[in-house]
Amino acid sequence: MKNFEYFTPTKIIFGEDTHLQTGSLLKSYGAKKVLIHYGGHSAVKSGLLEQIQTSLKEAGISYVTLGGVVPNPHLSLIREGIELCKKENIDFILAVGGGSVIDSAKGIGYGVANPWTDVWNFYLKKETPTDCLPIGVILTIAASGSEMSSSSVVTNEETKQKRGSSKTDLCRPKFAILNPRLTFTLPPYQTASGCVDILMHTMERYFVNMDTLEITDSLSEALMKTVIHNAPILMEEPDNYKARAEVMWAGSLSHNGLTGCGTGSGDWACHQLEHELGGVYDVTHGAGLAALWGSWARYVYTENPGRFAQFASNVLNISQGENDEQNALAGIQAMEDFFHSIHMPVNLHELGLHLTEEEIHDLAFRCSFEDTRTIGSFRKLNRNDMEKIYLMAR
Ligand code: NZQ
Ligand code: ZN
C-alpha cells in the first residue's frame, strides 16, 4: 500500500429542506456579496433558485446571478463570470446545480483569485493556482462528486479540449448542501449517467496494481454495491427519497479521496479517454464512461486478473468460474449487463457516435496530448493502446 494524506474540508449538510439554510450558512462564512451560479433551466423551473434567493435576502446577503452553464461547461462563461465577479466585488460563489455548475464556479473562483495569469493555464497545467474564491454548493444531481473534490473539468469550446485543472485543495467547496429531494426531477438518463460516474470514481481508484488496504477495498465494494442496488430502483421510482439519499451520499464519498486511501493516485484511464469524447463530441460524462469501460477492462485485465476476480466476487457475487481469468471476464460482462439494465450504452455506437477509423485515430492523438503522454496505472497506455481501446469500443 501507498502512504496517503486524507483531507476533506467540505462541511456536508444532508437531508430534507437543508437548502433553506443557505442564507444563514453563507452568513456564517462571512459572505458579503455572492455570485449565484446555475445551469440551464432546471433550477429555475423547480423553484429552487427562487427559494435560494429568498433565503439570501432573509439573511441580508446581496447577490448577483449568472446562469447558463451547460454540461461539459464552457471556458467562455467562466471568463464572463470572472469579469462579473471583479465588477461586482463578489467574495463568495454559490453553485446551484451539478458537476458542470460546480466546476464552472471553481474556474471562476480560480480566475478571480489569480489575476496574474489566464485561467485556462490552470487547465493546461502550465500554472498552479495559489488561491480561489470560497465556494458553496447546493447539489441537484448525484454524479461528479465535485461538491467535495479538488478538481474542476472545463471545456475550451474553441479548441474542443476538455481538461481537468491542477488538483488543489483551494477549490474544495467550503460547504455542500445535499438534499436528495432536489434530485427527484432528474431525467432517467441523467440519473443513470450519474450512477455510472459514481461507480467509476470508485473503480478508477479500485483497479490498481498494488497491495491495497482491506478497509479501503471494503468501503469501495460497499459503495459500489449500494449504487448497483439503488440505481435500478431509481429507474422505476425517481421520487424514492431513500434510494436518492443512498446514491447522493455515495456520490460525494466516491470522489472525496476516501476510496483512494492507500491506492496511490488510481488509474483514471477511462476518465481521460472519456474527457476527449466529451470535448470533441459533447457526450454526457457518465454515459461516455459506460461506453468505454468494458473495452478498457478487457484490454487491461490480464495485468492482474485476480483484482478483477475480486471485483466480480465481492461486488457482483460472481465466483463460479474455474479460475481468476474466467471470473474476471464474467465480472466485466456482468457490469456491462448492469449498465444495459439502467439504459446506459456499453459502446460508442450505443452512445450515438458512429466514428470512422480516422476520427478514432484523431481522438487517440488528442488524448495522448499529441503522443506526448501515457495514461492509466493498472496498465500504462500509450497512444497506440488508446486507439485500440477506442476501436474495441466502437
Ligand atoms: O442545466 P440544467 O437545466 O440544470 O440541466 C442539467 C444538465 O442538463 C440537468 N440537471 C441537473 N440537476 C437537475 C437536472 N435536471 C433536472 N433536475 C435536476 N435536479 O442535468 C444535466 C447534467 O448536469 P451536469 O452538471 O452536467 O451533470 P454532472 O453532475 O454529471 O456533471 C458533469 C460534469 O462534471 C465533470 C464531467 O466531466 C462533466 O463535465 N466532472 C467533474 C469532476 C470533478 N470536478 O471532480 C469529476 C468527474 O469525473 C467529472 O469529470
Ligand atoms: Zn467522472
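The table for this structure:
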| quantity | calculated |
| --- | --- |
| Test: residue in the stretch 118-133 that is assigned to a loop (DSSP other than H, G, I, E, B), within 16 Å of ligand 2 (Cβ to nearest atom) and either over 22 Å from LYS174 (Cα atoms) or at pLDDT 95 or above (or both) | no |
| Members of the stretch 123-149 that are farther than 25 Å from LEU49 by Cβ and touching a Gly at 6+ places or on another chain (Cβ under 8 Å) | TYR123 |
| Output for the stretch 16-47, where each listed residue is within 16 Å of ligand 1 (Cβ to nearest atom), of a type in the set (Gly, Ala, Ser) and surrounded by 13 or more Cβ atoms within 10 Å (Cβ to Cβ) | GLY39, GLY40, SER42, ALA43, SER46 |
| In the stretch 36-55, the residues that are touching a helix residue (DSSP H, G or I) at 6+ places or on another chain (Cβ under 6 Å) and over 23 Å from ILE78 (Cα atoms) | SER55 |
| Filtered residues of the stretch 238-271 (kept if polar (S, T, N, Q), more than 10 Å from ligand 1 (Cβ to nearest atom) and within 12 Å of the chain's Cα centre (by Cα)) | SER252 |
| Condition broken by VAL154, with the remaining ones in (1) aliphatic (A, V, I, L, M); (2) under 19 Å from TYR38 (Cβ atoms); (3) more than 16 Å from ligand 2 (Cβ to nearest atom) satisfied | (3) |
| From ALA105, ALA95, ALA43, residue being closer than 15 Å to ILE141 by Cα and in a helix (DSSP H, G or I) | ALA43 |
| Sole exception among (1) touching a residue at least 24 places away in the same chain (Cβ under 8 Å); (2) more than 12 Å from ligand 2 (Cβ to nearest atom) for HIS285, by number | (2) |
| Those residues of the stretch 161-171 which are surrounded by fewer than 22 Cβ atoms within 10 Å (Cβ to Cβ) and either within 16 Å of ligand 2 (Cβ to nearest atom) or in a loop (DSSP other than H, G, I, E, B) (or both), in sequence order | ARG163, GLY164, SER166, LYS167, THR168 |
| Residue check for GLY279: touching a Gly at 6+ places or on another chain (Cβ under 7 Å), in contact (Cβ under 8 Å) with a residue 24 or more places away in the chain and either outside any loop (DSSP other than H, G, I, E, B) or crowded, with 24+ Cβ neighbours inside 10 Å (or both) | no |
| Condition met for PHE7 (touching a strand residue (DSSP E or B) at 6+ places or on another chain (Cβ under 6 Å), in contact (Cβ under 8 Å) with a residue 12 or more places away in the chain and not aliphatic (A, V, I, L, M)) | no |
| The one condition in (1) near ligand 1 (Cβ under 10 Å from one of its atoms); (2) in contact with a helix residue (DSSP H, G or I) (Cβ under 7 Å, 6 or more places away or on another chain); (3) free of Cβ contacts under 8 Å to residues at least 12 places away in the same chain that VAL196 fails to fulfil | (3) |
| The listed residue being away from ligand 2 (no atom under 16 Å from the Cβ), closer than 30 Å to ILE93 by Cβ and in a helix (DSSP H, G or I), out of LEU219, LEU199, LEU186, LEU182 | LEU182 |
| The stretch 62-118 - residue that is touching a residue at least 12 places away in the same chain (Cβ under 8 Å) and of a type in the set (Lys, Arg) and, of those, surrounded by the fewest Cβ atoms within 10 Å (Cβ to Cβ) | LYS86 |
| Search result, residues across the stretch 363-381 that are free of Cβ contacts under 8 Å to residues at least 24 places away in the same chain and more than 18 Å from PHE207 (Cα to Cα) | PHE365, SER368, PHE369, GLU370, ASP371, THR372, ARG373 |
| Wholly within the stretch 292-394, helices (runs of 4 or more DSSP H) carrying at least 3 residues that are within 21 Å of the chain's Cα centre (by Cα) and closer than 25 Å to GLU221 by Cβ | 324-341 |
| Failed item in (1) away from ligand 1 (no atom under 15 Å from the Cβ); (2) crowded, with 24+ Cβ neighbours inside 10 Å; (3) of a type in the set (Val, Ile, Thr), with THR183 passing the rest | (1) |
| Residue match in the stretch 148-156 (condition: farther than 30 Å from GLY15 by Cα and either near ligand 1 (Cβ under 10 Å from one of its atoms) or surrounded by fewer than 17 Cβ atoms within 10 Å (Cβ to Cβ) (or both)) | yes |
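The values are calculated or read from the model by the stated rules, or taken from the named source; none is laboratory data. Predicted model, so just to flag it, every value in this text is computed and none were measured. Cβ coordinates were reconstructed from backbone atoms using ideal geometry, including for glycine residues, and neighbour counts include every protein chain displayed.
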